Amino acid sequence: MTQLPLRAQLASALGRSAATLSRMTGRGDGSVIGGRVGLLLEPDLLRKLAHDRRLALVSATNGKTTTTRLITSALLELGEVATNAFGANMPAGHVSALAQHKTAPYGVLEVDEKYLPEVLDTTGAGVVCLMNLSRDQMDRAAEIWLLAQKWRRALSGKPTHVIANCDDPLVTWGASTAAKVTWVAGGQRWKEDSWCCPECGGPLDRKDAFWACRECTFHRPEPQWALDDEMAVDPRGQRWLLDIQLPGLANRSNAVMALAVAEAFGVPVERALPHLREVTSVAGRYTTVERDGRHARLLLAKNPAGWLEAFDVADPQLPIILSVNAQGPDGRDTSWLWDVDYRILRGRPVFVTGERRLDLALRLDVADVPFTLCNTFTEALAMQSPGRVDVIANYTAFQQIRSEFGRAV
Ligand SMILES: [Zn+2]
């Protein structure tokens, strides 16, 4: 790699010191503060750090962190990879990730959906991976449609190779201005934000996996890759068992996307797949915490589509604890709870906690799901018999449980 200009070297070094200080003073992992300091000193730092590297950007409403991790794991086959492993997915986090791995020839960056156009322009990334778009907390369909429109503009006229999920009509529309697209049939569990054609507003007709607009020519492109339950099907029609350790359909979908991205970097499936199997937990997701013989597996769900994915992973034979907060990162408004169909929980012992437990309790009551209200997560856990229990929590509730129960086991 070529040397960074002096000013960028200094900005990058000071950013790293700020990150170290931030960690030493217990103010988080430091990846954001370090990047901010670097960007203040050298506004063009991200472009300079990205120069000369082969980068993949990963964006979606759900599954960004996990897919970033899976792709990173696969690309380690080629050499050192810089990545923002802890979900710091805005430019300061990207600066920090690249500054920490200055010599890495590869980078895999999770990118917040809204920042994708800016980060793509700045970094000139060669590969972009797009998985799904759905309402996030209080966002509504019109807002994600605007996002997809911005993706279209950003991708248009660039040589970027896009790997996109063609089972999501909005993602398909957002990706289809790109010069080169590899379509992946990654599935779509949550369909409530894609009943209308993003191109003309007409109704979308669906037959099995295929979808098409009734009023214009917009339709599902032919996929090169597909997820078929437990199997990934590659562009040559060869089938691969996705015996990964991360649970659930959503993660198998993430894995197929990761295999397609790995192949775009020249890593064939037979070399990528063993690396995907090595990933067991991503930023605390799917890890188990233990207290007094109660083993609680933590599932993160930040929005309605995420809750459906978590229901898919949760074991129907086990009791389940639900914890909902409404602090800044969660969105203050909990009306999105009404978008989730909780009836799937009927017949299971359900325990409800979190700062907004009463909002969730009302929602469950209307859905005829019996539950036990608990003041704290500790209380909910203590009410369990020794053994396993699943936990679904939204963002700050999840982080609280992780920090309270210390190191995951
Ligand atoms: Zn249409």
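The values are calculated or read from the model by the stated rules, or taken from the named source; none is laboratory data. Note that the structure is a prediction, hence the values are computed from the model and not measured. Counting neighbours? That spans all protein chains shown, and the Cβs are built from the backbone with ideal geometry, glycine included. Accessible surface areas use protein heavy atoms only, side chains included; no ligands, DNA or RNA. Shrake-Rupley method; radii C 1.70, N 1.55, O 1.52, S 1.80 Å.
For the chain, the Cys residues with no second cysteine's beta carbon closer than 4.7 Å are Cys129, Cys166, Cys196, Cys374.
Looking only at the range 288-404, where both bridge partners belong to it, what percent of the DSSP beta bridges are antiparallel (to the nearest 5)? Bridges in the range 288-404 are about 20 percent antiparallel.
Each principal axis of the range 43-278 carries a Cα extent, and these read 51, 42, 32 Å when sorted largest first.
Extending 7 Å from Cα along the Cβ direction at Asp205 and again at Lys150 yields two label points whose distance is 3.5 nm.
Sorting 103-110, 61-68 by their mean Cβ neighbour count within 10 Å, with the most densely packed peptide first, gives 61-68, 103-110. Put simply, the convex hull of the Cα atoms in the chain casts, on average, a shadow of 20.0 nm².
Using R0 = 41 Å, the C-beta based FRET efficiency linking Arg239 and Leu6 works out to 0.20. Could you tell me whether the range 325-409 comes out rounded, prolate or oblate from its Cα gyration tensor? Rule is a ≥ b ≥ c as square roots of the eigenvalues, rounded for a/c under 1.5, then prolate if a/b exceeds b/c, otherwise oblate. Taking the square roots of the gyration eigenvalues as a ≥ b ≥ c, the range 325-409 is oblate.
In this label model, Glu215 and Ile344 are separated by 3.2 nm, measuring between points 7 Å along each Cα→Cβ vector. Accessible surface computed residue by residue for the chain, with neighbouring protein chains in place and a 1.4 Å probe, gives 43 Å² per residue. Share of carbon and sulfur in the accessible area of the chain stands at 52%, probe radius 1.4 Å. Helix-only arithmetic for the chain: the sum of -39500 (n - 2.57) across DSSP H runs with n ≥ 4, divided by the residue total, places the mean residue ellipticity at 222 nm at -11000 deg cm²/dmol. Restriction of the GluC sites (Glu not before Pro) in the range 202-292 to DSSP coil positions whose beta-carbon has at most 15 other beta-carbons within 10 angstrom yields Glu215, Glu230, Glu278. Here the simple spin-label model places points 7 Å from the Cα toward Cβ, and for Asp52 and Glu77 these points are separated by 2.7 nm. Projecting the Cα atoms of Val313, Val340, Leu358 onto the dipole axis of the range 288-404, where Lys and Arg carry +1 and Asp and Glu carry -1 at the beta carbon, places Val313 farthest toward the positive end.
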